[in-house]
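What follows is a short report on a single structure.
Throughout, read-outs are computed from the coordinates displayed, never taken from laboratory work. This is a predicted model, so every value here is computed, not measured. With ideal geometry, Cβ positions are generated from the backbone for all residues, glycine too; neighbour counts draw on all protein chains shown.
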Amino acid sequence: MEPSLRRLFVVLAALTAVPAAAAPAWADADPAVGFRRLSLPETGGHRALEGAVWYPTDDSGGAVTLVGDTRALVGAAVRVGAVPRPGRHPLVVLSHGYGGNWTNQQWLAVDLAARGYIVAAANHPGSTSRDMAPPGAATLWKRPGDVSHLIDALSDDPQWSGLLVPRSAAVVGHSLGGWTAVALAGGRFDQRRFDMACRAHPEMAACGPGIGATGADADADGALARSLADERVRAVVTLDLGLVQGFDPVSLAAIRVPVLVIAAGPGDPKMPVELESRALADRLPAGSTRYAAITDAGHFSFLSVCKADAIPLLEAERPGDGMICRDGQEAGRDRTILHRQVSGLVAGFLSDVLPTP
């Protein structure tokens, strides 16, 4: 990622770490969504992770809590520690983008949980807003393992295992999280192919130091070239993903799980839709792939809703950082409406393709 975007996520991390005072608008809310934090220890093959789970609940006891609220970004009202709704629920795992964190797609997590899904998300060490590896040291191949670790942990935990549809999960990823989701479905990354694409299109954000670069790790190329697929992943959704040019087209054509590709609008040279989301959809099997372009969305439209004074606040901290609160078109729709459209697309897709109890 180019230095300006890396700097931007440092600012975002600082804002995320500062909770805002509760706003009266949510005080009387009665969400049917429970929430618990997750802390997963390191295992033999996976990294330690910090994250959260959102789930459906009929438990109206306990206080409603605002999670993920900052000076710039709107949080979500949930019932912390509520009793989960009985029965089996499909599992959805969210994967954040480069420099993001587990709260970034909470708006989607809450909507899906209210519809009956159990949703989990975790920070990816080395590419999260609170833990950024030095440029060139990104370990992309460990990201899919983080998702598999989450699926393992929930499937093996007695408090969750009886609530999940066995051996079945969907993965929804934004930006680099979308790359992670495709890798879990069977896409294989070829560093040499990616380097050639970056020489031809150096303006792409994915070509900046730290994202697609494997650095000095001698095992990187081999680790990426191997299959990182998880057979429990039964569906994939990408939200304006990146690094598509590094995927081996043969591996993409061989993917057998359904994929929904959602793109932001055209015209962004750093996230060119024709080289990223549209290129992915064209290389996947036509019969199991859906494609949707939201023309008035920008790359950061898939982050949380910004507060009314967020742009001046961010710009005062550092000029240019207000970009995370600007969507694809000046006259475009409110981000809340964009989120509602995306949630509808995702929920409709998942209801069609995920195994049910």
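When only C-alpha pairs under 8 Å and at least 6 residues apart count, what is the relative contact order of the stretch 267-357, in percent?
25
Which value, in debye to the nearest 20, gives the size of the charge dipole of the stretch 63-154 about its Cα centre, when Lys and Arg are +1 and Asp and Glu are -1 at the Cβ?
Approximately 160 debye in magnitude.
Can you give the local net charge around residue 105? Use residues other than it whose beta-carbon is closer than 13 angstrom to its beta-carbon, Lys and Arg +1, Asp and Glu -1.
-1
Evaluate the relative contact order of the stretch 183-318 (contact order divided by residue number), counting alpha-carbon pairs under 8 angstrom at least 6 apart; express in whole percent.
So the answer I get is 26 percent.
Nearest-5 percent of antiparallel DSSP beta bridges in the chain?
Roughly 40 percent of the DSSP beta bridges within the chain come out antiparallel.
Taking the mean number of other Cβ atoms within 10 Å as a proxy for protection, how do you rank 256-266, 193-203, 53-63, 272-282 from highest to lowest?
256-266, 272-282, 53-63, 193-203
For the chain, modelled as a GNM with alpha-carbon contacts under 10 angstrom, which of 156, 327, 131 fluctuates the most?
Most flexible of the set in this elastic network: 156.
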